[in-house]
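Inspection log for the structure reproduced underneath, given as structure tokens.
Bear in mind these aren't lab numbers, they're just calculated from the coordinates by the rules spelled out. Since this is a predicted model, take the numbers as computed values, not measurements. Cβ sites come from the backbone with ideal geometry, for glycine too, and all protein chains shown count toward neighbours.
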Amino acid sequence: MSKTFIDNLEWRSAIKKFDPDKKVAGELLDKIIKAIRFTPSSYGLQPYHVFVISEQDLKDKMKTITFMQPQVGGCSQMLVFCARTDLPARVDQYIEDVSKGDLLAKTKLQGKKLLIMNSIGKKSEEDLLEWSRRQTYIALGFAMAACAELQVDSCPMEGFNPMAMDQLLELPEHLHSVVLLPIGYRAEEPQRDKFRYSNEDLFTNR
Ligand SMILES: Cc1cc2nc3c(=O)[nH]c(=O)nc-3n(C[C@H](O)[C@H](O)[C@H](O)COP(=O)(O)O)c2cc1C
């Protein structure tokens, strides 16, 4: 029997050294992108944007921004997960897109808009960014899970300078880089044993 998703979670590892000659392409890359697209989010607003960077020049420029971590230059693609703060406009866009121009559907969605705006509309800019960040991490989780299932290697990364990354990618004001996911294929097997805390440490059954 082929390996299950759970088996592949044991196989996956935060890979530090990618083989620069092996690229993630075509259907595999499409599936990882699909997993991000189908990630659930609060109110369905998907308050993030993901840059999929294949250009070597850009990856090289990211080396100093990521404190020379070795997984950056050799990865196949660098996924840069950014949180959005243009939420009120995004709610309007959501209603426009979901109702597809149908006036009745649009009217029905006004209740949802009120509900959303009552919650996120009252947040400070900082709280809004934090809320979007949390949603963004769920998308990161789904991307890592998809990579594991497809036996594509990845390495989640918070170790970078977000302001420098925003500058490099010339991000508009409403986008903020949050977390990175270089993907590709391992150049060598991980040099360390996998450690996880015990079930007793992590769970309580009642
Ligand atoms: C949110 C997050 C940020 C991380 N940032 C980095 C990083 O900047 N550099 C790095 O080498 N590993 C980073 N890691 C990888 C973790 O160190 C790694 O996942 C953990 O030690 C467990 O090892 P495993 O993923 O190989 O099972 C990060 C992991 C997560 C989930």
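Based on alpha-carbon centroids, what's the gap between the range 23-86 and the range 159-196 in Å, whole number please?
8
Structure shown: which of Lys16/Lys59; Lys31/Lys61; Lys17/Lys63; Lys16/Lys63; Lys22/Lys59 lie over 18 Å apart, alpha-carbon to alpha-carbon?
Going by Cα-Cα distance, Lys31/Lys61 fall outside the 18 Å limit.
Sort Ser42, Ser124 by Cβ crowding within 10 Å, fewest neighbours at the top.
Fewest to most other Cβ atoms nearby, the residues stand as Ser124, Ser42.
Quick one: order His176, His49 by neighbouring beta-carbon count within 10 Å, fewest to most.
Details: His176 21, His49 17.
Sorted ascending by nearby Cβ count, the order is His49, His176.
Using the Cα centre of the range 5-202 as the reference point, and only Cβ charges (+1 on K/R, -1 on D/E), how large is the resulting charge dipole? Debye, rounded to the nearest 20.
It works out to roughly 440 debye.
Which whole-Hz ³J(HN,Hα) couplings does the range 66-82 yield from phi under the Karplus relation 6.51 cos²θ - 1.76 cosθ + 1.60, θ = phi - 60°, glycine and proline marked x?
Whole-Hz 3J(HN,Hα) from phi for the range 66-82: 9, 6, 6, 5, x, 6, 7, x, x, 5, 6, 9, 9, 9, 10, 8, 10.
5 Å is the cut-off here: which amide hydrogens, built 1.01 Å from N in the peptide plane, fall below it relative to Leu79, excluding neighbours closer than 5 in sequence?
When sequence neighbours closer than 5 places are left aside, the close amide H contacts are Ile53, Leu181, Ile183.
Just rank Tyr94, Tyr197, fewest to most, by other beta-carbon atoms within 10 angstrom.
Tyr197, Tyr94
Enumerate the amide H contacts of Cys155 below 5 Å, restricted to partners 5 or more residues apart or on another chain; note that Pro and chain-start residues carry no placed amide H.
Ile15
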